[in-house]
Amino acid sequence: MRVALIHPLIKRTGEGDRNRLDSITLTQIPQEKSERAVPSLKQKSRFNAERLFKGILLLFSLLILLIVLAIFFELIRSSSLSLKTFGFSFVTGRVWDPVKEIYGALPFIYGTVVSSLIAMAISIPVSLGVALFLTEWAPLWMRTIVSFLVELLAAIPSVIYGLWGIFVMIPFLRTNVAPFLQETFGFLPLFDGPFYGVSLLSAGLILSIMVLPTITAVSREVFLAVPQELREAVLALGGTRWESIRLAVLKMSRSGIIGAVVLGLGRALGETMAVTMVIGNRPEIVASLFSPGYSLASVIANEFSEATTPLYLSALAECGLILLAVTFVVNGLARLLVRKKSA
Amino acid sequence: MNKALKILAFAGLSMATVLCQGCGDTIKLNGAGATFPYPLYSKWFSEYHKLRPNVQINYQSIGSGGGIQQIKAKTVDFGASDAPLTTEEEKSMPGEVLQIPTTAGSVAVVYNLSGVPSGLKLTQNVLADLFLGKIKKWNDPRIAAVNPGVSLPDLPVAIVHRSDGSGTTYIFTDYLAKISEEFSKTVGRGKSVNWPMGIGGKGNEGVAGQVKQTPGALGYLEFAYAVQNKLPYVALQNKRGKFVDPSPETTTAALAALNKELQKDVRFSVTDAPGENSYPISGLTYLIVYKDQKDPKKGKILLEFLNWAMNDGQKLAPGLHYSPLSAELVQENAAKLGSIAVK
């Protein structure tokens, strides 16, 4: 679904000419052939087959629409009790108390957004750097190896990331990174308080590694799509390598980069398993990144199976609804941004 | 080509006959529910299958909430839950149900202090105040007072609790709510509660991992996990004032001390039991079956299995760190099973 949304953005970046060519060849060649080679009797059946094919494709596309609508409908239906009981205070409430049946999702929204923001802050520059290096500088042998490894990162199951986070990353953070951050930036509220390991910072770091392959792979494709002539044109005018990247590559790929980032952000917002394992699962809003937090996806995964009262289940369903809404808003914003930039 | 097809068909046919040996009289029972007794239940089902090869029992450990919902919807032959159904819940079922306690388990309080490899003791008040966040350091004089001669470090107490809804949390908070009025008022008892502080680990293994990794951690675990992870556990002060280690024996002792109450109502909470050797934090887990068994074949098998579980099945419990039921409770169950009507 997301891929389908993003794809047009990527295409628009500079592949326009090639696309037009493709579409011409695709539509014209079969027609020509059919006229020449196929007897008229068979032509009718071919026509029918084509209509059937088109019909099936249409059905598939409608199916996607249907699935999204069904998910939305079901989420609203199952969260109706919570929507009625808490109204808007569900989104602003800070207390999540299943015993007293008071539910407020603000700490989860906060944890989801903050951990995703940390992830993006780290992974965007790194991913774009890797993608640029791979397309502009790297020798061919390195290109294949690094691309392969980046794609491999995307294939690692999230539970493995979570375990790696608990047993490798967190001990490393505790002994090396956290003391350094505390000593140097301890005056900032961001790095205040004791570091127990599981925290918003750990969740953000794990996520940054998890979204890195997505952003890298997509933006690499985008950079590759920039016509070589444009780079050469900048160089011919006396520009440096950096100027050719800035003026030709980056400028042409802007909307594609945003598409890549949105795709990565989508993964970060919805990631459940790895985040649950390292975020600390504490519904609290604290400025310090060292303190444990909680995310929307995690609370659903954690509490759904043992939630028995109708209101409890309904509140968890509303968390799902909010997560979907957050994803939609983020996607929508990015698309708006792209439209403005390309207009 | 034809030959290959024939061979394939033959192979398929012979495979089907092998797989379906005794298909005619194999009886399948389906159950779903609590994760806490799952290791014991799966042992029971496989042992029973060895005993009676034509009986196959499938169990999905989807959590108590799911178990209750599925038995209510009659999609399974029996449900399993750590928390017994309340009278209200019982009434909402489509038919009269029996709640049969099958085994008991205890919750161990585990810690991570490098200087104290074992033998830490805690009184009721100190335990409650630790989990209320009122005692913040390990070298607090109140902890030292119960542990003379133990050198306690100047470390913050890092509380670790379950982040997912669980029967273990229910038993533990039920105990804390009994021994501390403040805990009962501010936190309360439940499968998920709003903890005043601490870090949430997902599942018993999540808590065990977190405790293992965090110096100064204090958490609670199902007893079996404490043993498997070789984590030191606290000897807790029981109602009589004795300090008791968790074990199958001390848990069965707690059940025996509450015989009268359990005979009146098997749902009676067994935490904070009287008796010299009673370990104070333990709980029963229940199977939920309909009193009217509509399918005579299945009903008969279910009844036979339950009777087996009450006798031979109990002997398998200690090996898996569960506590066998007391003799009186077994008798009580047998009487109850006698009331099941198989039509």
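A few points about this structure:
- Scanning region B:204-253 for residues that are away from chain A (no Cβ under 14 Å), farther than 13 Å from B:VAL107 by Cα and free of Cβ contacts under 8 Å to residues at least 40 places away in the same chain yields B:GLN228, B:LYS230, B:ARG240, B:GLY241, B:LYS242, B:ALA253.
- Search result, residues across region B:264-295 that are in a loop (DSSP other than H, G, I, E, B) and of a type in the set (Asp, Glu): B:ASP265, B:ASP272, B:GLU276, B:ASP295
- Of the listed requirements (1) within 30 Å of A:PRO189 (Cα to Cα); (2) more than 14 Å from chain B (Cβ to nearest Cβ); (3) of a type in the set (A, V, I, L, M), A:LEU230 misses just one: (1).
- Verdict on A:LEU289 being outside any loop (DSSP other than H, G, I, E, B) and either away from chain B (no Cβ under 11 Å) or crowded, with 18+ Cβ neighbours inside 10 Å (or both): no
- Residue in region A:235-257 that is within 14 Å of another protein chain (Cβ to nearest Cβ) and of a type in the set (A, V, I, L, M) present: no
- A:LEU152 meets the conditions (1) of a type in the set (A, V, I, L, M, F, W, C); (2) within 19 Å of the chain's Cα centre (by Cα); (3) modelled with pLDDT under 90 in every case but one. The failed one is (3).
- Filtering region B:119-128 for residues that are of a type in the set (Lys, Arg) and over 30 Å from B:GLY313 (Cα atoms) leaves a non-empty set.
- Within region B:191-205, considering residues that are out of contact with any helix residue (DSSP H, G or I) (no Cβ under 6 Å at 6 or more places or on another chain) and either in a loop (DSSP other than H, G, I, E, B) or outside the structural domain of B:ASN229 (by TED's automatic domain parsing) (or both), the one nearest to A:ASP97 (Cα to Cα): B:ASN194
- Scanning region B:106-131 for residues that are of a type in the set (S, T, N, Q) and over 18 Å from B:LEU221 (Cβ atoms) returns B:SER114, B:THR123, B:GLN124, B:ASN125.
- Taking residues in region A:187-204 that are more than 14 Å from chain B (Cβ to nearest Cβ), and partners anywhere that are part of a helix (DSSP H, G or I), the pairs with Cβ atoms closer than 6 Å and at least 6 places apart or on different chains are A:PHE191/A:LEU181; A:PHE191/A:GLN182; A:PHE191/A:PHE185; A:GLY204/A:SER115; A:GLY204/A:ILE118; A:GLY204/A:ALA119.
- Pairs, first in contact (Cβ under 8 Å) with a residue 24 or more places away in the chain in region A:149-171, second assigned to a loop (DSSP other than H, G, I, E, B), C-beta under 7 Å, six or more apart: A:SER158/A:GLU271; A:ILE170/A:GLY197; A:ILE170/A:VAL198
- Any chance B:ASN238 is assigned by TED's automatic domain parsing to the domain that holds B:ALA217, buried (at least 20 other Cβ atoms within 10 Å of the Cβ) and modelled with pLDDT under 95: yes
- When restricted to residues that are facing chain B (nearest Cβ under 8 Å) and surrounded by 23 or more Cβ atoms within 10 Å (Cβ to Cβ), region A:295-323 contains 5.
- Taken over region B:301-343, residues that are of a type in the set (Gly, Ala, Ser), surrounded by fewer than 21 Cβ atoms within 10 Å (Cβ to Cβ) and in contact with a strand residue (DSSP E or B) (Cβ under 8 Å, 6 or more places away or on another chain) amount to 2.
- Within region A:148-188, tally of residues that are farther than 17 Å from A:ILE215 by Cα, assigned to a helix (DSSP H, G or I) and hydrophobic (A, V, I, L, M, F, W, C): 16
- With a requirement of 1 or more residues that are within 25 Å of B:THR35 (Cα to Cα) and within 12 Å of chain A (Cβ to nearest Cβ), the helices (runs of 4 or more DSSP H) lying completely within region B:63-138 that satisfy it span B:64-72, B:87-91.
- Residue count for region A:291-301, restricted to those that are touching a Gly at 6+ places or on another chain (Cβ under 7 Å) and either under 13 Å from A:SER115 (Cβ atoms) or charged (D, E, K, R) (or both): 6.
- Flag if A:GLY280 is of a type in the set (Gly, Ala, Ser), more than 8 Å from chain B (Cβ to nearest Cβ), closer than 15 Å to A:PHE108 by Cβ and in contact (Cβ under 8 Å) with a residue 40 or more places away in the chain: no
- Hits in region B:85-103 (condition: over 18 Å from B:ALA341 (Cα atoms) and touching a helix residue (DSSP H, G or I) at 6+ places or on another chain (Cβ under 9 Å)): B:LEU85, B:GLU89, B:SER92, B:PRO101, B:THR102, B:THR103
- Qualifying residue in region B:155-168 (condition: more than 9 Å from chain A (Cβ to nearest Cβ), at pLDDT below 95 and part of a helix (DSSP H, G or I)): yes
- Only one entry of A:ALA138, A:ALA105 meets the criterion of being surrounded by 15 or more Cβ atoms within 10 Å (Cβ to Cβ) and without any contact (Cβ under 8 Å) to a residue 60 or more places away in the chain, and that entry is A:ALA138.
- Number of residues in region A:77-93 that are within 14 Å of chain B (Cβ to nearest Cβ) and within 27 Å of A:SER208 (Cα to Cα): the value is 0.
The values are calculated or read from the model by the stated rules, or taken from the named source; none is laboratory data. Note that the structure is a prediction, hence the values are computed from the model and not measured. Cβ sites come from the backbone with ideal geometry, for glycine too, and all protein chains shown count toward neighbours.
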